[in-house]
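Asks: Before I ask anything, let me first share the structure, which is written out below as C-alpha cells.
The values are calculated or read from the model by the stated rules, or taken from the named source; none is laboratory data. None of these values were measured; they are calculated from a predicted model. All Cβ positions, glycine included, derive from the backbone under ideal geometry; neighbour counts span all protein chains shown. The protein model used for the area step is the full one, side chains on, heavy atoms only, and it has no ligands, DNA or RNA in it. Shrake-Rupley method; radii C 1.70, N 1.55, O 1.52, S 1.80 Å.
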Amino acid sequence: MGTTELFVHPALAFIAAALILPFLPKGPRKVFLLLPPLIAIYTTFHNTPGTHLTINWLGQTLTLGRLDALSSIFVQVFAVISLAGLIFALHINDPAQHIAAMFYVAGSFGVVLAGDYLTVFIFWEMMAVGSTFLVLLNRTRESIRASFRYFLFHIFGGLFLLAGLILRYRALGTFEFTTALSFGLPFEGSTYDWLILIGFCVNAAVVPFHAWLPDAYPRGTVTGSVFMCAFTTKTAVYVLMRGFYGWDILAGAGAIMAVYGVLYASMENNTRRILSYHIVSQVGYMVAGIGVGTAMTLNGAAAHAYAHILYKGLLFMTTGAVLYSTGTTKLDELGGLAGRLPWVMLLYMIAALSISGFPIFNGFISKTMTIAGAAEAHQTWIALGLELAAVGTFISVGLKLPYFTFWGGKPLDMKRELKPIPVNMYAGMAILATFCIAQGLYPDLLYRYLPFPMTEANKNIFIPWTIWNVLQALMLLGFSGAAFYLMKDVITPHKALNLDFDWFYRLAGHGGMALLFKPCAWFDNIWTTVYQTVGLKLINFSAHFTTFFDRWIIDGLVDNTAYSVGGTGRVLAILQSGRLQQYLALMVIFITIVMALVWYLC
Amino acid sequence: MSDKQIKEPKTTLTALPESSAPVEADLATLSLLGHWLEKNRAPEQSCKWRTLLFGLLGLFMILNLFFHPHEPHFGVDAYPFFWPVFGLAGGIIMIFLVKKIIQPYFLARSENYYGDN
C-alpha cells in the first residue's frame, strides 16, 4: 500500500465560500471569511504533488490540479496573501466585495494549478470578472469608469489568449499547457505562441500593455487593491515562467518595464499610483529573469514574485490605511502624519525598505538573485537596467512617498480629522511585515520552496548575505538617498495627470467607436431622408386610402345594409296592417300570380 | 483676471511655517512612538539626520576601499566608489530628467484631462 494521496483544490474552498457568504449574517460571515485561506494554507503543505482532478469535458481532458515545484510556490504565497488580505478586509460590511475577492482569488489558484490552456483560460476570465468588481465596488464615478476600461482591456487580452490556444490546438491537437519550446519548435515560436504571449503580457503589465494597471489599481477599494496588486500580475508571471522561459524578448521587455515604472513613479502625486507603477517595475525584474531563463534567474523570478506579493501587499495596505484614515492618497494633500499614524509609518517603512532591497528585508534576498543571475548569464545591460531601477525604487517608494506622507513639509496638525484604523487592518499589515523581515533575515524560509534546487551539484547557488552584497546594497541605496536629499525640492510632487500609453488605448477606443458610429450615422442619415421623402408620402397615401376605404367601402356597406334592413322593415310594417280582409286580398293576389305563372310555364 | 487664471487648480500645499516645532500639549496626546517620531522630524533635528547620513556614506566609502566583489558583474564595478557614483549620479540625473524635462514638457496635463474625476 502506498501513501494516501491528498489533493484539495484551494479554488473550490473560495468558490464555495463565495456562494455561501450572501446567506450568512454579519457575525458568522466574518469568521467564515477566514476559512478558505486557512484551507488553502493547509492544502499548500499537505497536497500531494502530481496531476489531479482530470476531467473529460466536451471531448477534452482538462487538468485542474497540476501540483509541481513551480506551481506549489505560487499556491503557497497566494494562500498567505489571501489570509492577510482577508484579515485586513475583515471590517468591511459589504459582502459583494468579499464575494468578488473570493472569485478573484479562486481564479488565481485555478490558473496556477491548471494543466491545460482551456482551464487556464476559464480561470483567467474568472479573475478578470472578480477583479473588475473590486474596482467597481468603490462606487465612485471615477472607479466605475475605470472598472469598465479595465474590463475591456482584459477582455482584449483574453481574446488574444483564446485565439492563440485555438490556433495552437489546430496545429498540435492538444490544449496541454507546456513550454513553447518543448515541442521542438523554432525558438521564435509560431503565430499562436505570440498570440498567447501577448495575452499573458497584458496581465503581466508588460510595457506597452501596462497602462490598465496604474489606471485601475489606484481606483480600487482600499481592501480590493491589496488583492489586485498580488494576483493578476503574478499569475501572469507564473504562466510566463511555465510557457515562455528563455524567450530573449522578455529579458529586454523586463528591463524596460523595470526602468519605465520607476520613471513614472518618480513624477506621480497619487500614492497608490506610485505603487502601481512600481508593480510594473518590480514585475519587470521577474519578466527579465524569465527571459534570461537560467536556473538562477528563474529562481530569482519566483523568489521575487513571492517577496513582491508580501511587500507590495503591505505597501497597498499601509497606503490604503492612510486613505481610509485621511480620505486622500494625494501627496500634496498629505504630510506630517508621522506622529498621528506612527505604526502605519513604521509598517510602511518595512515594506518600502523591502521593495528597495535593503538588507534584513526580503527584497534584498530576491532582487539581488535576479540581478546576479542576469549578470552571470552575461546580460550586462539587463542587469545594469535593473540596478538603475533599484535606485529609482528607493528614491520614490523608500523616500519620496513616506517623506511627503509622514515626515516632512508640514507641521503636526491635530485639527485634521483622522478616522481610527480598525485593529484587523493593523493585524493584516503586521502579518506581512513579519514575513518580510523573517525572509530577509533567514533566506532559507523562501529559498527552500524555489522551483530549482539550490545545490552545488547543479551550480545553482546564491548566497545573499555576503559582506560585499550588503555593502553594495548599502552604497547603492545610501547614495540614492543622498540624491533624493539634494534633489528634494525638484522631486516635490504636485497635482498633474501624466500621459501614458492609455492615451493610445483611449484613442483606439474612440477610433473604434468612430468606425462603428460613422457608417451607422451615415446609414441613419440616408434612411431618414428616404423615410422623409418616400416613406412618409407612402404612409400618407396609405392613410388616405384607408380613410377612403373605411368611409366609402366599409362604412358604405354597413350603412347601406342598415338602410336596406330599415326600408324592408318599413315596407313590411306597412303590409302588417292587422286587417284580415287586406291579408286575404293579398293572399288571393299572390295565389293568382302563382297560378298564372304555373299555367304559363306548363 | 482672465478665465484661464480662474480655472487654475488651487494647490493645497501649505508653506512650512518659520518654526514648526510641535506644541507640547499636542505631543502629549500622541503615542510613545508617535511622540518620538514627531520630535525627530522637527526642522531643528534635520542637522542631526544629515550628519548621520553623510557619516554613514563616508563609512561605506571607506569600507569600499577594503571590500571588492569577487566576481565583478560589469567590470567597472571592481573599482572602488563605482556604486556610490552610480547611485548618486543615477538618482540625480533620473530626477532631473523626469521632473524638469519629461514631465513638464511632454506628459503633464490637468488632473481631469480625461474627464474621469
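Asks: Which condition from (1) farther than 22 Å from A:GLY313 by Cα; (2) part of a helix (DSSP H, G or I); (3) of a type in the set (S, T, N, Q) is the one that A:THR393 breaks?
Replies: (1)
Asks: Quick one: is A:LEU399 more than 11 Å from chain B (Cβ to nearest Cβ) and out of contact with any Lys or Arg (no Cβ under 8 Å at 6 or more places or on another chain)?
Replies: Answer is no for this residue.
Asks: Could you check the range A:499-512 and list, in sequence order, the residues that are away from chain B (no Cβ under 13 Å) and more than 15 Å from A:PHE156 (Cα to Cα)?
Replies: Result: A:GLY511, single match.
Asks: Would you pick out the residues in the range A:380-411 that are surrounded by fewer than 24 Cβ atoms within 10 Å (Cβ to Cβ) and either over 19 Å from B:ALA89 (Cβ atoms) or not assigned by TED's automatic domain parsing to the domain that holds A:ILE461 (or both)?
Replies: A:PRO402, A:TYR403, A:TRP407, A:GLY408, A:GLY409, A:LYS410, A:PRO411, listed by residue number.
Asks: Moving on. Looking at the structure I just gave you, is A:VAL129 assigned to a helix (DSSP H, G or I) and open to solvent by 30 Å² or more (accessible area, probe 1.4 Å)?
Replies: In short, yes.
Asks: Here are A:PHE462, A:PHE479: which of them is in a helix (DSSP H, G or I), in contact with a helix residue (DSSP H, G or I) (Cβ under 7 Å, 6 or more places away or on another chain), in the same structural domain as A:THR297 (by TED's automatic domain parsing) and surrounded by 17 or more Cβ atoms within 10 Å (Cβ to Cβ)?
Replies: Values: A:PHE462 fails: in a helix (DSSP H, G or I).
Selected residue: A:PHE479, the only one of A:PHE462, A:PHE479 that is in a helix (DSSP H, G or I), in contact with a helix residue (DSSP H, G or I) (Cβ under 7 Å, 6 or more places away or on another chain), in the same structural domain as A:THR297 (by TED's automatic domain parsing) and surrounded by 17 or more Cβ atoms within 10 Å (Cβ to Cβ).
Asks: I want to confirm something. Restricting to the range B:37-77 and keeping residues that are touching a residue at least 12 places away in the same chain (Cβ under 8 Å) and among the hydrophobic types (A, V, I, L, M, F, W, C), which single residue is farthest from the other protein chains (Cβ to nearest Cβ)? Before the answer, list the steps.
Replies: Within the range B:37-77, the first condition is being touching a residue at least 12 places away in the same chain (Cβ under 8 Å), and the residues that meet it are B:38-39, B:42-44, B:57, B:60-61, B:64-65, B:68.
If we keep only those that are among the hydrophobic types (A, V, I, L, M, F, W, C) too, we end up with B:42, B:57, B:60-61, B:65.
Values: B:ALA42: 9, B:LEU57: 5, B:PHE60: 5, B:MET61: 8, B:LEU65: 11 Å.
Here the residue is B:LEU65.
Asks: Do we find that A:THR380 is within 21 Å of A:HIS304 (Cα to Cα), within 11 Å of chain B (Cβ to nearest Cβ) and without any contact (Cβ under 8 Å) to a residue 12 or more places away in the chain in this structure?
Replies: Judged against the criteria, A:THR380 is a match.
Asks: Find the residue count for the range A:421-430, including only residues that are open to solvent by 50 Å² or more (accessible area, probe 1.4 Å) and more than 13 Å from chain B (Cβ to nearest Cβ). Don't jump to the end; show me each part of the working.
Replies: Taking the range A:421-430 first, the residues open to solvent by 50 Å² or more (accessible area, probe 1.4 Å) are A:423, A:426.
Among the residues that remain, those that are also more than 13 Å from chain B (Cβ to nearest Cβ) are: A:423.
The number of residues fulfilling the criteria is 1.
Asks: A further question follows. Do we find a residue being surrounded by 19 or more Cβ atoms within 10 Å (Cβ to Cβ) and closer than 21 Å to A:PHE78 by Cα anywhere in the range A:23-31? Even if it seems obvious, please write down each step before you answer.
Replies: Kept after step one, since they are surrounded by 19 or more Cβ atoms within 10 Å (Cβ to Cβ), are these residues of the range A:23-31: none.
The answer is no; no qualifying residue exists.
Matching residues to (1) among the acidic types (Asp, Glu); (2) outside any helix (DSSP H, G or I); (3) surrounded by 24 or more Cβ atoms within 10 Å (Cβ to Cβ):
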residue: A:PHE200; (1), (2), (3): no, no, yes
residue: A:HIS210; (1), (2), (3): no, yes, yes
residue: A:GLY246; (1), (2), (3): no, yes, no
residue: A:ILE256; (1), (2), (3): no, no, no
residue: A:SER281; (1), (2), (3): no, no, yes
residue: A:GLY284; (1), (2), (3): no, no, yes
residue: A:GLY289; (1), (2), (3): no, no, yes
residue: A:GLY300; (1), (2), (3): no, no, yes
residue: A:ALA307; (1), (2), (3): no, no, yes
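Asks: Among the residues of the range A:309-348, which ones are away from chain B (no Cβ under 14 Å) and either over 27 Å from the mean Cα position of the chain (by Cα) or open to solvent by 20 Å² or more (accessible area, probe 1.4 Å) (or both)?
Replies: Selection gives A:LEU323, A:TYR324.
Asks: Tally up the residues in the range A:484-493 that are more than 7 Å from every other protein chain (Cβ to nearest Cβ) and either among the hydrophobic types (A, V, I, L, M, F, W, C) or in a loop (DSSP other than H, G, I, E, B) (or both), please.
Replies: Going through the range A:484-493 one residue at a time, the tally reaches 2.
Asks: Tally the residues that are small (Gly, Ala, Ser) and without any contact (Cβ under 8 Å) to a residue 60 or more places away in the chain, restricting the search to the range A:351-377.
Replies: 2
Asks: Another question, if that's okay. Filter the range A:80-94 for residues that are part of a helix (DSSP H, G or I) and over 19 Å from the mean Cα position of the chain (by Cα); which is surrounded by the fewest Cβ atoms within 10 Å (Cβ to Cβ)?
Replies: Of everything passing the filter in the range A:80-94, A:LEU83 is surrounded by the fewest Cβ atoms within 10 Å (Cβ to Cβ).
Asks: Sticking with this structure for a sec: Taking A:LYS400 as meeting all but one of (1) part of a helix (DSSP H, G or I); (2) farther than 29 Å from A:MET267 by Cα; (3) not hydrophobic (A, V, I, L, M, F, W, C), write down the number of the exception.
Replies: Tallying (1) part of a helix (DSSP H, G or I); (2) farther than 29 Å from A:MET267 by Cα; (3) not hydrophobic (A, V, I, L, M, F, W, C), A:LYS400 fails exactly one: (2).
Asks: Considering only residues that are more than 7 Å from every other protein chain (Cβ to nearest Cβ) and either open to solvent by 70 Å² or more (accessible area, probe 1.4 Å) or closer than 16 Å to A:SER396 by Cα (or both), which ones fall in the range B:78-98?
Replies: Within the range B:78-98, B:TYR79, B:PHE81, B:VAL85, B:ALA89, B:ILE93, B:LEU97 meet the criteria.
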